[in-house]
Structure formats: C-alpha cells, structure tokens
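Below is one structure, written out as structure tokens; comments come after it.
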Amino acid sequence: MDIMRVKGELVCTRRLPGLGSVSLRVLQSQSGALSVATDPVGAPIGKWVFTTSGSAARLAMNTSDVFTDLTICGLIDQWDQ
Amino acid sequence: MDIMRVKGELVCTRRLPGLGSVSLRVLQSQSGALSVATDPVGAPIGKWVFTTSGSAARLAMNTSDVFTDLTICGLIDQWDQ
Amino acid sequence: MDIMRVKGELVCTRRLPGLGSVSLRVLQSQSGALSVATDPVGAPIGKWVFTTSGSAARLAMNTSDVFTDLTICGLIDQWDQ
Amino acid sequence: MDIMRVKGELVCTRRLPGLGSVSLRVLQSQSGALSVATDPVGAPIGKWVFTTSGSAARLAMNTSDVFTDLTICGLIDQWDQ
Amino acid sequence: MDIMRVKGELVCTRRLPGLGSVSLRVLQSQSGALSVATDPVGAPIGKWVFTTSGSAARLAMNTSDVFTDLTICGLIDQWDQ
C-alpha cells in the first residue's frame with residue numbers, strides 16, 4: 001500500500017456508468033506523480049492517506065462492480081516525511 | 001487510476017481476434033511515456049483522460065473477453081498540470 | 001517478492017473496517033521509497049524483511065477478506081546490501 | 001498496453017513444462033529495458049508491437065494454462081517514435 | 001516476463017507457513033535492483049533466468065497455495081546483455 005497526499009477532487013462530467021456516483025480524488029505520491037483514486041473514506045484535501053491498488057482496490061469499495069485500481073484505505077494521523 | 005493525454009489512434013492491421021473491433025488509443029503519461037489503451041468513451045485527441053489498469057481494465061469494457069490491461073474511464077474537464 | 005526494511009508502525013485512527021485489527025508497518029525499499037504493508041509475522045523495527053504484492057498479499061494473510069496489496073512474508077537473517 | 005520492439009528470440013533449453021511449445025520473444029521497451037513475451041502473432045525481429053500484461057497476458061494466449069505475464073497483441077503498422 | 005541473474009539463496013529462519021519448503025532465490029535485475037523469487041527450476045548462482053510475476057507466478061509453482069509474486073520460469077542459454 002502506498003502513502004500519498006490528497007491534492008483535490010477530480011472534475012469530469014463524462015465518465016463510464018460503472019463509476020457513476022463514486023467520489024474521485026487526485027492524489028500526489030511522495031515523488032510528486034499524480035494519480036486518481038476512489039475515496040470511500042471521505043479524505044480532506046491536504047491530508048496524507050494510504051491506498052491499496054490492483055484487485056484489492058475493488059474489494060475496498062462497498063460495491064464490487066466499481067472498476068477502480070486505486071482506493072483510499074485510511075487517513076494517516078501523523079506523518080513526518 | 002492514471003492521468004494521461006490522448007496522443008492518437010493506434011494503426012495496426014494485424015492483431016489478435018480478441019481485440020477485433022475495439023477502438024485503441026495511444027496515450028502519453030505525465031512523464032512522457034507512451035502506452036496503448038482501449039477506449040469505450042470516445043476520447044478526442046489532445047484531451048486529458050483518466051485510465052484504469054490491470055483486471056479492472058477488462059471490467060471497464062462492455063464485454064469481458066477483451067484482454068486489455070488499460071482502459072479509458074472518462075474525460076477530465078479541467079486540468080492544470 | 002521485494003526486500004525492504006521495517007521503518008515503523010503506521011498510526012491511523014480512521015481506516016476502513018476491512019483493515020480493522022490488522023497490524024500495519026511502514027516499510028522502506030532499497031531505493032528509499034516508503035510503503036505500507038500488513039504484517040502477520042510480527043517484524044521488529046529495523047529488520048530486513050521480504051514482501052509479496054498483488055493478490056498474493058491477500059493470500060498471505062490468515063483471512064482472505066483483508067484488502068492489502070503488500071504483506072510481509074518473513075524476516076531475513078543475514079543481509080549485506 | 002505497452003509499445004515495444006522485437007529484439008530477438010529467447011534461447012533456453014531448460015524451462016518449466018507449462019511453457020513447453022510457446023514461442024518466446026525478447027522485447028525492448030521505449031526506454032531500452034528488455035523483457036520476455038509470449039508471441040501468438042508471429043512478430044518479426046525489428047518490428048514494433050504492442051503487448052498486454054498481467055492476467056490479460058494469459059487470456060491473450062490460445063490456451064489458458066500458459067503462465068505468461070506479457071503477450072504480444074499485434075503489430076503496429078506505422079510508428080514514429 | 002523479466003530477465004534477471006541469480007545472486008544467491010535467501011536465508012531466513014522465520015517465515016510464513018505458506019512458503020514452508022519452497023526454495024527462494026535472490027535475483028538481480030538488469031538495472032541492479034534485488035528481489036526474491038521462488039525457484040522450481042533449480043537455478044545455479046550466476047546464471048541468467050527469466051521470471052514471471054503476479055498471479056502467473058503462483059500458477060508456475062507446482063502447488064497453487066504458495067503466495068509468491070515472482071517465479072523463475074527457465075534458464076537462458078546464451079545472453080549477451
């Protein structure tokens with residue numbers, strides 16, 4: 001699982017039905033790369049989170065038919081990079 | 001899920017039957033690397049999109065027998081890299 | 001499987017139910033990158049361990065419903081990097 | 001899916017039974033890294049191809065019991081890197 | 001599948017039961033990074049091998065309950081890097 005920081009919300013009006021009502025976050029890795037994750041936790045912008053990837057990302061969602069490959073698992077309380 | 005930009009269409013006359021009528025796009029990552037994705041969205045050239053990878057890429061297609069490992073999930077409305 | 005060193009315990013009060021009582025460790029790769037792993041071994045801080053990733057990480061846990069993508073498999077006795 | 005160039009055939013007399021009669025190719029990525037792929041297409045040396053990875057690589061083979069993680073999907077007609 | 005060189009045997013007295021009697025090898029990639037693989041082939045130290053990763057690594061073992069993510073598939077006869 002990776003350690004990333006929440007950078008913002010993803011704004012996209014046109015997306016596949018399978019991602020319909022899921023909250024999407026833009027995350028930044030420790031090296032600065034950006035990616036998109038589904039967020040069942042409700043992570044605030046600026047917070048450090050840890051994420052799971054691959055098929056585990058789908059298991060971490062409430063419904064199994066969301067085709068995500070990255071999901072936020074929890075907020076990190078204290079983090080000194 | 002990754003953030004990429006649509007660079008063009010992939011031209012290939014000889015490919016496996018399992019990819020028969022699927023639309024293929026050449027994408028460019030934020031670091032410049034190129035890859036190929038299946039496109040159920042109809043993404044125009046030059047637009048920023050986000051993609052899902054691995055087994056989720058197959059789930060994101062309408063038919064489950066397409067052996068892709070990267071699929072475009074949606075268009076990003078606004079994106080300031 | 002990767003070779004990593006245990007850097008500390010992950011402190012997070014708010015996480016998904018599926019990771020409820022699992023012990024989480026912050027690991028450092030040989031190149032210095034940090035990640036988070038589930039730990040069924042009980043690895044002490046500072047020790048070198050090897051880890052399995054992807055769907056194998058879930059199999060390595062006692063219960064199959066933990067949505068981890070990285071699990072510690074064992075302690076390495078001697079390691080001269 | 002990735003874009004790679006066929007560099008040669010892999011010569012190995014001793015391999016696992018599960019890869020018995022499959023054609024293996026050495027591929028070179030755009031950054032120069034080498035890897036090995038199963039080839040159901042019959043890709044000539046020097047040609048650019050695109051490949052699928054992970055569990056999709058097994059689906060792309062005719063038989064599902066080949067434990068590959070990289071399979072050539074098709075030849076690219078025109079490619080200006 | 002990747003091309004790697006066998007660097008040594010992994011010495012670890014304390015590991016999960018699911019990896020009980022499996023032979024483990026330390027491999028070095030072409031870029032120098034080290035990883036650990038299960039070895040059903042019996043690869044000698046110093047030899048170049050090719051490996052399969054992910055769920056395919058488990059299929060390549062005789063028993064399907066070994067939670068490896070990297071398995072040696074065969075020895076490469078001639079290899080001029």
Please get the size of the charge dipole for the stretch A:2-75, origin at its Cα centre, with Cβ charges of +1 on Lys and Arg and -1 on Asp and Glu, quoted in debye to the nearest 20. 180 debye
Calculated label separations, C:Pro44, copies of the chain, 7 Å along the beta-carbon direction, nm: 3.9, 3.9, 6.3, 6.3
Relative contact order for the stretch E:2-75: what is it in percent, counting Cα pairs under 8 Å that are at least 6 residues apart? 33 percent
With the label set 7 Å along Cα→Cβ, E:Ser31 is separated from its counterparts in the other copies, in nm and shortest first, by 0.4, 0.4, 0.7, 0.7
Across 10 Å bins from the origin, how do the percents of Cα pairs in the protein assembly as shown run, short distances first? 5, 22, 32, 28, 12, 1
Arrange the peptides D:65-76, D:7-18, B:38-49 so that the one whose residues have, on average, the most other Cβ atoms within 10 Å appears first. D:65-76, B:38-49, D:7-18
Entries in A:Lys47/C:Lys7; B:Lys47/C:Lys7; A:Lys7/D:Lys47; D:Lys7/E:Lys47 that, when Cα-Cα distance is taken, lie over 29 Å: B:Lys47/C:Lys7; A:Lys7/D:Lys47
On a C-alpha basis, how far is the centre of the stretch C:29-81 from the centre of the stretch B:36-81 in Å? Whole number, if you could? 31 Å
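None of the figures in this text is laboratory data; all of them are computed from the coordinates on show. Keep in mind that this is a model prediction, so the values were computed, not measured. With ideal geometry, Cβ positions are generated from the backbone for all residues, glycine too; neighbour counts draw on all protein chains shown.
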